[in-house]
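Derivation of every value follows stated rules applied to the coordinates shown; laboratory data play no part. Since we're looking at a predicted model, the values are computed, not measured. FYI the Cβ positions are ideal-geometry reconstructions off the backbone, even for glycines, and counts take in every protein chain you see.
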Amino acid sequence: IRDCMRGRIYPEEGKVQLGGIKEFADKLKNIDRIIIVACGTSWHAGLVGEYLIEEYARIPVEVEYASEFRYRNPIITEKDVVIAISQSGETADTMAAIEMAKERGATIFGICNVAGASIPRLSHAGVYTHAGPEIGVASTKAFTAQVTVLTLMAFYMAQQRGAITTSKLIELLTELNEIPDKIQTALESNDIIKEVSEKIKDSRNCLFLGRGSGFPVALEGALKLKEISYIHAEGYPAAEMKHGPIALIDEEMPVVFIATQNSSYEKVISNIQEVKARKGKVIAIVTEGDVEVKKMADYCIEIPDANEAFLPLLATIPLQLLSYHIAVMRGCNVDQPRNLAKSVTV
Ligand code: F1P
């Protein structure tokens, strides 16, 4: 995150500078919508981007699976900005999606990790994430860096469009600057996470639930568990539980909640009660010092308090660790999961 922010944020001045985006600053002031295309973990980062861009810059955002978008006949005009997110910059579906959008006149903006890869070359402009090489196949630090870039973009666009006051921006950037230290603190929960992993490592299924920006975190938590430990896992918006997944809950089902103290806290608490009433095993990611959730959950993992805008950056860390420990305990190869490729080029 520090590398990603270096030279790009000036908290005391309330300023975000993004070189790659600068020449499109005027266009961004007047656009009617943004379409984000990506696959896998990068798609989850895109959902966080939707939340942040709509919240702060007030630009409507659509988030599309590139693998689906490329085969439809979507309505795209020269007024659209398409943001392609890809760690490798070589994902075939994402490339095909932006090639199609480009032919239809859209401006393409790439968020990639690997410099000089195909997606940055196909894009009109872009930002590199500077996450360094991902050793494992499953994306982890690239996700954190993608979300950081999207956060900076949301703030940058908010600033350009006059959708945010300088004092609010100073407040947000100051807190963003503290996130690397808070992540360090979040990592200190490793021992508890290991204990929790031991308890649920033999589960056949697992549910991940969150609201607001906690929803993409839930999706990412489920994907990591699937990818590296081969446990069937689903991420859902917590409020959707009653529309189907609630039928799955019994004493065999661990349910991981993103239950931090933000705008949806009370509602998440009632979702936890619904799961407990059906004897589900609740693992909750909570804000440091939480009392309410601790009374109900079977296991709690604390993360430092933060503005809701930064929740995905913090809450994803314990979920990545949870998947990691479970996978190791099950004897899985966390760096090279079966059937998965680092970049899906076909
Ligand atoms: C997309 C992705 C990764 C996943 C795996 C397969 O890659 O789905 O999120 O971890 O490596 O590919 P990318 O477009 O972000 O490189």
Rg/Rh for the range 247-346, where both radii come from Cα atoms and Rh is the Kirkwood radius: 1.05
When the Karplus curve 6.51 cos²θ - 1.76 cosθ + 1.60 is applied with θ = phi - 60°, which whole-Hz ³J(HN,Hα) does each residue of the range 157-169 get, with x for Gly and Pro? 5, 4, 5, 4, 8, x, 8, 9, 7, 4, 5, 5, 5
Sequence-distant lysines (8 or more away, or on other chains) whose Cα lies within less than 17 Å of LYS15: LYS29, LYS168
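How about the range 227-288: which trypsin sites (Lys or Arg not before Pro) there are in a DSSP loop, with at most 13 other Cβ atoms within 10 Å of their Cβ?
Numbers: sites: LYS242, LYS267, LYS276, ARG278, LYS279, LYS281; in loops: ARG278, LYS279.
Of the trypsin sites (Lys or Arg not before Pro), the ones in loops of the range 227-288 whose Cβ has at most 13 other Cβ atoms within 10 Å are LYS279.
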With axes computed from alpha carbons, what is the tilt in degrees of helix 214-229 against the longest principal axis of the chain, rounded to the nearest 10 within 0 to 90? 70
Round to the nearest 0.05 the FRET efficiency obtained for LYS15 and ILE269 when R0 = 30 Å and r is the Cβ-Cβ distance. 0.20
Name the long-range amide H neighbours of ILE34: under 5 Å, sequence gap of 5 or more, or other chain; modelled H, no Pro or chain starts. VAL61, GLU62
Sorted by chain and number, the residues with a modelled amide H under 5 Å from that of CYS300, at a separation of 5 or more or across chains, are ALA284
Write down the Å³ per residue value for the convex hull defined by the alpha carbon atoms of the range 197-283. 82
Any chance you could tell me what percent of the C-alpha pair distances in the range 75-122 go past 11 Å? 60
Would you compute, for the Cα atoms of the range 2-179, the largest minus smallest coordinate along each principal axis and list the three values in descending order, in whole Å? 45, 39, 24
Quick one: of LYS27/LYS102; LYS201/LYS242; LYS194/LYS226; LYS226/LYS281; LYS226/LYS342; LYS226/LYS276, which pairs are farther than 21 Å apart, Cα to Cα? LYS201/LYS242; LYS226/LYS276
Summing -39500 (n - 2.57) over every DSSP H run of at least 4 residues in the chain and dividing by its residue count gives a helix-only mean residue ellipticity at 222 nm, to the nearest 500 deg cm²/dmol, of -13500 deg cm²/dmol
Plugging the Kirkwood radius over Cα pairs into Stokes-Einstein for the chain, at a temperature of 10 °C and a viscosity of 1.306 mPa s, what D comes out in µm²/s? 78
Between the range 1-69 and the range 175-240, how many Å separate their Cα centres? 24
Using 7 Å Cα-to-Cβ label points, what is the ASP26/GLU103 separation (nm, one decimal)? 3.0
Simple label model, 7 Å out from Cα along Cβ direction - ASP335 to GLU78, nm: 5.0
Where does each of 94-105, 10-21 land if you order them by average Cβ count within 10 Å, highest first? 94-105, 10-21
Using 7 Å Cα-to-Cβ label points, what is the LYS194/GLU292 separation (nm, one decimal)? 3.3
Can you sort PHE143, PHE155 by how many other beta carbons sit within 10 Å, fewest first? PHE155, PHE143
Figure the gain on full extension for HIS243 and ALA277 (residue separation times 0.36 nm, minus the Cα-Cα span) and round it to one decimal in nm. 10.6 nm
